[in-house]
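Right, one structure below, let's go through it.
Every number here is computed from the coordinates shown, using simple stated rules; none is lab data. Remember, it's a predicted structure, so these values are computed and weren't measured experimentally. Neighbour counts are summed over all protein chains in view; Cβ atoms, including those assigned to glycine, are modelled from backbone coordinates with ideal geometry.
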Amino acid sequence: MSKVRILVIVPAYNEEGNLGPLLLKLREHDIDIVVINDCSTDKTIEICKQHSVEFIDLPNNLGIGGAVQTGYQFAANNNYDIAIQIDGDGQHNPEYIPNIIEPIIAQKADLVIGSRYISKEGFQSSFVRRIGIRHFSHLIKLLLKQTITDPTSGFRACNKSLIHFFAKKYPSDYPEPETIVTLLRNKRRVIEVPVIMNSRENGESSINKIKAVYYMIKVSLAILIDFFRVSNKEIA
C-alpha cells in the first residue's frame, strides 16, 4: 500500500506571534504543510519563508471560510489523501494529529473533529463562545440526532472524498457547524476525538462579542436552510 499523503492546512491572518512556534511543532510530524495567508499585514510571509513552509498569499482577505477552502483546493489539486485543519493562532496542539487522522486511515470516519469537551481539560474557550458552542451542539442534536460536543472546533481532518467536496463548496463565515450539518445530512461519518487545546498567547481573535452573536444567528439560519433542503445527495 502506498504512503498516505497528508496535508496540514493553516489559515492565518496576522498571527505572526503564534505562527512560528506552531510551524516548529508541525515540523516534528512527517506531513506536508501549507499556510494560507489571508491578506495579513504582519510578517506572516516572512515567517513561512524562515521555516521553509509552502504558503499561498491571498490578494484579498477572504475570511476563514475562503482561506480554508483555498487550502482544500490546494489539497485536491495535489492529490492528498487526508487534509487537516489547524488554526494559525496556536490553540491547536499538533501532538494530537495522530489521534485525529487514525480513524480516517482506519476508514472509520470521513471527518474527525478534535473536541476539547470530551476530556474537558485545557483551555475551554471564552464564556461567550461556550454559549455559542452549546447552542450549535443542541441544534445539531435536535436536527440530526447526533451529539457533537465541539461543533465550532477548527481542529479537524477529512478524507479525500471530503477534500474534493470542500474544494468546491465551503461556507464563508464560521463554517465548522454548517459543514457538520451538511455531512450528517448526507449520511457521512463524523466523529470526535478528545484533544487539549491551548489559550491564545499572542494577538486577539477577530471575533468579538458582537460578532459572536451575529455569527450565531447567521449560522443557525444557514444550518436550518441546509437541513430543510430537498436534495440529500450533494456529496459523491
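Tabulated values for the structure
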{"item": "Convex hull per residue volume in Å³, alpha carbons only, for the chain", "result": "121 Å³"}
{"item": "Calculated FRET value between Ser161 and Glu102, using beta carbons and R₀ = 25 Å, to 0.05", "result": "0.90"}
{"item": "Neighbourhood net charge (11 Å Cβ-Cβ; Lys/Arg +1, Asp/Glu -1) for Gly65", "result": "-3"}
{"item": "FRET efficiency for Leu143 and Asp42, using Cβ-Cβ distance with R0 set to 45 Å, rounded to 0.05", "result": "0.70"}
{"item": "Within the chain, longest stretch clear of exposed trypsin sites (Lys or Arg not before Pro) (DSSP loop, no more than 11 other Cβ within 10 Å)", "result": "4-107"}
{"item": "Additional length obtainable on full extension of the chain from Asp173 to Ile118, 0.36 nm per residue less Cα span", "result": "17.3 nm"}
{"item": "Total charge dipole magnitude, the chain, about the Cα centre, Cβ charges on Lys, Arg, Asp, Glu only, Debye to nearest 20", "result": "1140 debye"}
{"item": "Spin-label pair Ser220/Val128, simplified geometry with 7 Å Cα→Cβ offset, distance in nm", "result": "1.6 nm"}
